[in-house]
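Student: Sharing a structure here in structure tokens format.
The values are calculated or read from the model by the stated rules, or taken from the named source; none is laboratory data. Not measured: the values here are computed from a predicted model. Glycine gets a Cβ as well: all are built from the backbone with ideal geometry, and neighbour counts include every protein chain shown. Side chains are part of the model used for accessible areas, which takes the heavy atoms of the whole protein and leaves out ligands, DNA and RNA. Shrake-Rupley method; radii C 1.70, N 1.55, O 1.52, S 1.80 Å.
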Amino acid sequence: MKHTPYDGSSKPFTIGLAQLEPDRWIEPDDQLQRYLDEKKRLLAQARGAVFAAADGTQEAQRELLGVLLDYLPAAYPEVYRRDGDSMIVGGEPVPLAGDVPLAIAGSLVQDDLAIMQKTDDGWRLNAAYVAFPSSWSLAEKYGRTMNEIHGPVPGFEHGTRNAELIARMFDNLPPGRFVERFNWAVNVDGALHLPKSKSEGIAAGAIEMTEERTFIRIERQTLRKLPQTGALVFTIRIYSDPLTMLRKRPDAAALASSFIEQLRALTLPQAAYKGLVSKRDGLIAALQSIAG
């Protein structure tokens, strides 16, 4: 359990951006090949569901790929090694040609990748390789502005202070500064690929939350601005932790107690957005058992 934002360090439904050291931009781990295999499968079988890119994004795509090709071998030489027209990733060659740059970039890392570009009406999601959405579909967000994307999120609607702060931060973020934030969700399925249609089916079929069939889904987002094109790049890394793992931690009681506090503090619209209205009591009961 690498990240536990429900420990109180990252409040839900806040902007919650924190400074990020550049050498922590990407976090490969021992699950790297499993993630990459699943991304490759999804791209081959359902490309339209996980990948989209508008005309005019090619330069930003190329810049992002170039940045990753420089960064990964330097930051993680034990995992990444450039070999001609391939990148050796954990011993496996990944071709660096034969597809558009964003698809190649996404084939190198566990993170999903999204490119936003500044337009007259705000920052717009113009290219994305999102294999592991958390209860949403790329089709409903692709091509939309950040205000439109955040429209359903309580407290982030157009005209709110949060929306204004995000727009200002996007405009003023210097290329050398990296930031990160975290989201958490709770599911009865630990799958990485959890689009809206699948998550709705899960919600309808299994309302009661128990410790044995509960997964804490952590979403680590990073944000940086590319120096040449000025495009914003989001990385979105999913961690899906079985709740049973929480009990094994030495700080399990404290984490469970903090998680309970966050769940109780959710307003009804916030709980509804997270799909927890009918599940919250069962989840709290499971966490109380862990908290003692």
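Student: With the calculation restricted to Cα positions, what are the radius of gyration and Dmax of segment 125-255 in angstrom?
Tutor: Spelled out, the Cα radius of gyration and Dmax of segment 125-255 are 17.1, 50 Å.
Student: While we're on this one: How many Lys pairs in the chain lie less than 21 angstrom apart by Cα atoms, where the lysines are 8 or more positions apart or on different chains?
Tutor: 19
Student: Here's a follow-up. First measure r as the distance between the Cβ atoms of Arg168 and Glu261, then evaluate 1/(1 + (r/R0)^6) with R0 = 30 Å and state the FRET efficiency to the nearest 0.05.
Tutor: Working: r = 30 Å, r/R0 = 1.01.
The formula returns an efficiency of 0.50 here.
Student: Can you order the peptides 56-63, 216-223 by their average number of other Cβ atoms within 10 Å per residue, highest first?
Tutor: Details: 56-63: 17.9, 216-223: 20.5.
Taking the mean over residues of other Cβ atoms within 10 Å, the ranking is 216-223, 56-63.
Student: Further question: Run the 1.4 Å probe and let me know the accessible area of Asp30, rounded to the nearest 10 Å².
Tutor: Near enough 140 Å² of accessible area.
Student: While we're here: Would you mind getting the Kirkwood hydrodynamic radius of the chain from its Cα pairs, rounded to one decimal in Å?
Tutor: Details: mean 1/r = 0.0500 Å⁻¹.
Evaluated over the chain, this radius sits at 20.0 Å.
Student: Sort 102-110, 12-20, 131-139 by the packing proxy (mean of other Cβ within 10 Å over each peptide's residues), most packed first.
Tutor: In descending order of packing, they fall as 102-110, 131-139, 12-20.
Student: For the full complex of protein chains and a 1.4 angstrom probe, list Arg280, Arg34 by accessible area with the highest value first.
Tutor: Working: Arg280 45, Arg34 125 Å².
The residues order as Arg34, Arg280, largest area first.
Student: Calculate for the chain the 222 nm mean residue ellipticity that helices alone would give, adding -39,500 (n - 2.57) per DSSP H run of length 4 or more and normalising by residue count, nearest 500 deg cm²/dmol.
Tutor: On the way: 12 runs with 109 residues, N = 292.
Only helices count here, giving -10500 deg cm²/dmol.
Student: Just subtract the alpha-carbon distance of Ala252 and Glu78 from 0.36 nm times their residue separation and send over the number in nm, one decimal. Could the numbers behind the result be given before it?
Tutor: Numbers: separation 174, 0.36 × 174 = 62.64 nm, distance 3.24 nm.
Here the answer is 59.4 nm.
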